[in-house]
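Read the figures in this text as sums done on the coordinates, not as results from a lab. Keep in mind that what you see is a predicted model, and the values were worked out from it rather than measured. Cβ sites come from the backbone with ideal geometry, for glycine too, and all protein chains shown count toward neighbours.
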Amino acid sequence: MDAPVSALAVLLALALDAALGEPPARWHPVVAMGRYLNAMAPHVAPRFGAGRLQPARAFIAGALAWCLGAMLVVGLALLLVRAMATWAWWAQALVLGVLLKPMLSWQMLRSEVAAVEAALGESLEAGRERLRWLVSRDVAALDATQVRESAIESLAENLNDSVVAPLFWFVVAGLPGAALYRFANTADAMWGYRGERLGRDWTWAGKWAARADDVLSWVPARLTAVLLGALRRWPTLAGEARLTPSPNSGWPMAAMALTLGVRLNKPGVYSLNRGGRAPVAADTARALRVAARSVFTLAGLAGLTGLWALWSRWNGHLFP
């Protein structure tokens with residue numbers, strides 16, 4: 001993809017996200033991906049406790065359903081890109097920016113994390129209830145500190161999933177790349193479980209979806225850690241990231257913990273930056289500023305890349 005087209009599309013997508021937020025659900029491609037995954041679930045995962053589990057059958061069914069969905073998503077994106085192939089570069093950039101916007105979601109993430117802290121200011125129960133919107137874990141037994149830790153962890157992890165990774169794959173492979181990542185991440189969120197979810201056993205049925213997301217998130221997760229300001233702490237960061245069961249989510253979460261100087265726990269699973277202090281309300285606001293700075297950095301890089309490419313093109317016309 002032409003550098004000016006890619007850069008302008010990224011800037012427009014981020015501007016649309018800031019100005020308008022999420023499109024209506026009936027027009028949202030990620031919602032459509034979720035509908036597909038929901039529709040395929042009964043054909044992929046057996047009912048939990050319904051009898052002897054057949055791992056190979058469940059794994060193959062999950063892999064085939066994932067690949068079919070990925071082919072549909074990438075194929076549609078390719079058709080849209082090819083339809084614009086003869087357009088002027090600036091027209092391609094404008095339409096691509098509109099199409100790219102639903103693949104990322106910074107404003108909604110920021111609003112939801114801020115809403116958890118605001119609800120926690122009202123009561124612990126209100127904070128727990130609002131946190132349910134962000135995380136899949138059981139929040140009923142979390143205290144105020146654990147609610148705040150979960151919100152900050154979710155901010156860091158989803159900064160990668162909802163912003164950095166879609167933009168990374170857009171730069172690498174255009175709109176099809178961003179769409180494929182969005183599908184993979186949505187499939188992991190809905191199918192990538194070990195055991196029971198919504199009455200179905202995903203132990204093997206969701207394994208392909210989980211591993212595909214791991215592969216596609218590997219580079220972006222580490223890039224997110226750098227954007228969060230943890231580059232100079234890389235050896236410490238790498239050790240902390242390995243404390244989490246995920247090969248990727250630990251990187252942005254550990255980077256956020258180290259940058260803020262706070263401890264982030266998931267009870268019974270991990271403790272990141274164990275020597276840090278417990279986060280307080282002001283740390284949620286700091287975390288949001290650190291994440292926003294990362295998004296601004298990406299926008300700045302896109303702007304500089306676009307300007308350099310345009311200057312190079314203009315200079316080439318003047319001095320062939």
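Across all directions, the shadow cast by the convex hull of the stretch 133-207 built on its C-alpha atoms averages 6.0 square nanometres. Cβ crowding within 10 Å ranks 138, 161, 214, 143 as 138, 143, 214, 161, fewest other Cβ atoms first.
Using the Kirkwood formula over every pair of different C-alpha atoms, what hydrodynamic radius in Å results for the stretch 152-246?
14.2 Å
Once a ≥ b ≥ c are taken as the square roots of the eigenvalues of the Cα gyration tensor of the stretch 1-132, is the result rounded (a/c under 1.5), prolate (a/b larger than b/c) or oblate (a/b not larger than b/c)? Cα axes put the stretch 1-132 in the oblate bin.
Potential lengthening of the chain between residue 219 and residue 236 amounts to 4.3 nm, from the contour at 0.36 nm per residue minus the alpha-carbon distance.
Only DSSP H runs of four or more residues enter the estimate; each adds -39500 (n - 2.57), and after division by the residues of the chain the mean residue ellipticity at 222 nm equals -23500 deg cm²/dmol. Counting Lys and Arg as +1 and Asp and Glu as -1 over every other residue whose Cβ lies under 14 Å from the Cβ of residue 113, the net charge comes to -1.
With a simple spin-label model that places each label point 7 Å from the Cα along the Cα-to-Cβ direction, the separation between residue 122 and residue 108 comes to 2.1 nm. Label residue 196 and residue 67 with points 7 Å out from Cα along Cα→Cβ: what is the distance between them in nm? Each label point lies 7 Å from its Cα, and together they span 3.2 nm.
Between the C-alpha center of the stretch 38-73 and that of the stretch 259-305 there is a gap of 36 Å. Which whole-number percent is the relative contact order of the chain (Cα, under 8 Å, 6+ apart)? Averaging sequence separation for qualifying contacts and normalising by length gives 23 percent for the chain. By the combined test of axial Cα extent (at least 30 Å) and Kyte-Doolittle hydropathy (mean at least 1.0), the qualifying DSSP H helices of the chain come to 55-83.
Spin-label pair residue 35-residue 82: with each label point 7 Å from Cα along the Cα-Cβ axis, the two points sit 2.5 nm from one another. With a ≥ b ≥ c taken as the square roots of the eigenvalues of the C-alpha gyration tensor of the chain, please select rounded if a/c is under 1.5 and otherwise prolate if a/b is larger than b/c or oblate if it is not? Verdict is oblate for the chain.
Comparing 89, 131, 56 along the charge dipole axis of the stretch 3-318, the residue lying farthest to the positive side is 56, per the Cβ-charge model. Size descriptors for the stretch 98-141 (Cα atoms only): Rg and Dmax, in that order, 12.8, 42 Å. Sorted on the mean count of surrounding Cβ atoms within 10 Å across their residues, most packed first, peptides 277-284, 185-192 read 185-192, 277-284. Among the chymotrypsin sites (Phe, Trp or Tyr not before Pro) found in the stretch 255-320, not one is both in a DSSP coil and sparsely packed, with 16 or fewer other Cβ atoms within 10 Å of its Cβ. Size of the dipole of the chain about the Cα centre, Lys and Arg at +1 and Asp and Glu at -1 on the beta carbon, nothing else charged, in debye to 20? In debye, rounded to 20, the chain gives about 480.
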